[in-house]
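This report refers to the structure that appears directly beneath it.
FYI, it's all coordinate maths here, none of it is from the lab. The shown structure was predicted, so the numbers you read here are calculated from the model rather than taken from an experiment. Here Cβ is always computed from backbone atoms with ideal geometry, including for glycine, and neighbour counts include all displayed protein chains.
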Amino acid sequence: MFSTLKNNGRLKRFKRILLIGLPLVAVAIFYNYPKLNIISGYASKNMASTVFIADRGSASITENDNNIPLIKLADVEMHGTEASASVFGLMERKTVCREGLGCVLVNEEGDLNSTLKPKRNKVDSLARYPFGLAENDTVSFEEVDYEQLEKAIDNAFANPEVQKTRTVLIAYKNQIVGERYLDGFSKDTPILGWSMTKSILATLYGILKHQQKIDLENSAPLDSWQGDERRNITLNHLLRMQSGLAWKEDYTAISDVTRMLFLDADMSMAQEEREAMTSPTEIWNYSSGTTNLLSGILRKQFKTHQEYLDFPYASLIDKIGMHSMLIETDMAGNYVGSSYGWASTRDWAKFGILHLNKGNWNGEQLFAPEWIEYITTPTEHSEGTYGAHWWLNAQGKYPGVPKDLYSANGYQGQYVFIIPSKDLVIVRTGLAEDPDFDAAQFLREIVTAVR
């Protein structure tokens, strides 16, 4: 009898917990329901792209890449070149992958019927890195403390559960002097650069300027802006993120950037449709929408969509042997220049080496040397941290590191650091950034190794 009463008591407690818990779950779902579209969209897109482009296993992606707050709530399934994701069976989103274009979240407004894709010229040179595939002879620089470099790399991988470093490469005077990869990654594994892609997009403008095909002081060629104050916004203003246009860059909420990346079929329109908050140059406001607007404007420079698709590869990417690189497009066929560029660590380093050498690649000048001065000149109101689609150390953001450092930075701690005064290019990729990964300490340890 006592046992029966005890069991009845447990049953009553369970029912009370259930009666309290179910409404709480219902309330949580109600208030977060609009977010589910973005959560399942992120999970679907990230899974599909990482499997399709980086050729990594879905189990590893679930355990690591998608194992972040909210996103880990999504259930994702791969079906060949497609992925679908939902949260508690709600808000299912599908991603489709296409050769040469990467993967794209399916949106009812978009069209996947186009058969166009970039023409690639993946002719590998027999020259040594960075100009070809041949392994370099062992080079020893007297001024480099290799033991200190190894210590710096060791420290970058010392706490894998917190730092989450995946790859590190250090190049000095165009030569690799240090390199390491986490298990499951290699020198050939494409890494999503996230916002490092912004610097790729900006470089395309530098190339066009060098070819005298574009003037950065010209107003943005957008018909929708000609009837209001936005007609005064120039390409220079856009490259410096000082257009004065409204934009909220918040990845923790439903904001302009999350709506664009996970809901919009044509991402080039997201910033174009925003109103002006101030006149150009009055504020600095970091905006992924601005970069995708520039991608759309870049498309207008060409007569055909095919020419636009070919340009980044023919003029830059394949030109310097970044053959692992792929920039994904949205459903409208625009390059997602804000976020979706993939390349191996060695190829990201080539991009840095091109800039270290002021646009000269093995004797060919891809953009003018003066372009480096342009992109590294601090933008007003950025407190010395931003140039033209590149981050700066002009005001000592990284204490103890040369102030001429500039870098391409991406979400979760993707970096291509360039330090001209030290002849250094440093690439670090991973799943954590400051404070979990201390970039300043990492840089200081490397810089002190070069006398």
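Please give the length that would be gained between ALA158 and ASN113 if that part of the chain were fully extended, namely 0.36 nm times their separation in residues minus their C-alpha to C-alpha distance (nm, one decimal). It would help to have the intermediate numbers written out before the result.
Details: separation 45, 0.36 × 45 = 16.20 nm, distance 4.76 nm.
Roughly 11.4 nm would be gained on extension.
Would you mind getting me the FRET efficiency between TYR411 and GLU383? Use the beta-carbon distance for r and R0 = 25 Å, nearest 0.05.
0.75
Can you give the extra length, in nm with one decimal, that the chain gains between ARG451 and ASP188 once fully stretched, where that is 0.36 nm per residue apart less the Cα-Cα distance? Mind showing how you got there, number by number?
Working: separation 263, 0.36 × 263 = 94.68 nm, distance 3.08 nm.
Gain on stretching ARG451 to ASP188: 91.6 nm.
Let's test the formula: R0 of 25 Å, r as the Cβ-Cβ distance of LYS358 and LYS173. What FRET efficiency results, to the nearest 0.05?
Result of the calculation: an efficiency of 0.95.
State, to one decimal in nm, how far the label point of VAL106 lies from the label point of GLN211, with both points 7 Å from Cα in the Cβ direction.
Result: 3.6 nm between the two label points.
Just to be sure I understand the model, the point goes 7 Å from the Cα along the line to the Cβ. What's the resulting THR304 to VAL139 distance in nm?
For the pair THR304/VAL139, the computed spacing is 4.1 nm.
Modelling each spin label as a point 7 Å along the Cα-to-Cβ direction, I'd like the THR62/GLU282 distance in nm, to one decimal.
5.2 nm
Can you tell me the FRET efficiency between ARG231 and PHE88 if r is taken as the Cβ-Cβ distance and R0 is 51 Å, rounded to the nearest 0.05?
Values: r = 47 Å, r/R0 = 0.92.
Calculated transfer efficiency: 0.60.
More than 17 angstrom separation, counting every C-alpha pair in the range 214-269; what % is that? Write out the running numbers ahead of the final one.
Details: 765 of 1540 pairs.
Here the long-distance tail beyond 17 Å is 50 percent of all Cα pairs in the range 214-269.
If the only charges are +1 at each Lys and Arg Cβ and -1 at each Asp and Glu Cβ, what is the size of the charge dipole of the chain around the Cα centre, to the nearest 20 debye?
The dipole of the chain has a size of about 1280 debye.
Using the C-alpha gyration tensor of the chain, what are the square roots of 5 times its eigenvalues, in whole angstrom, with the largest one first?
The three semi-axes for the chain are 39, 29, 22 Å.
Give, in nm to one decimal, the length gained when the segment between ALA368 and ASP436 is fully stretched (0.36 nm per residue of separation minus the Cα-Cα distance).
20.7 nm
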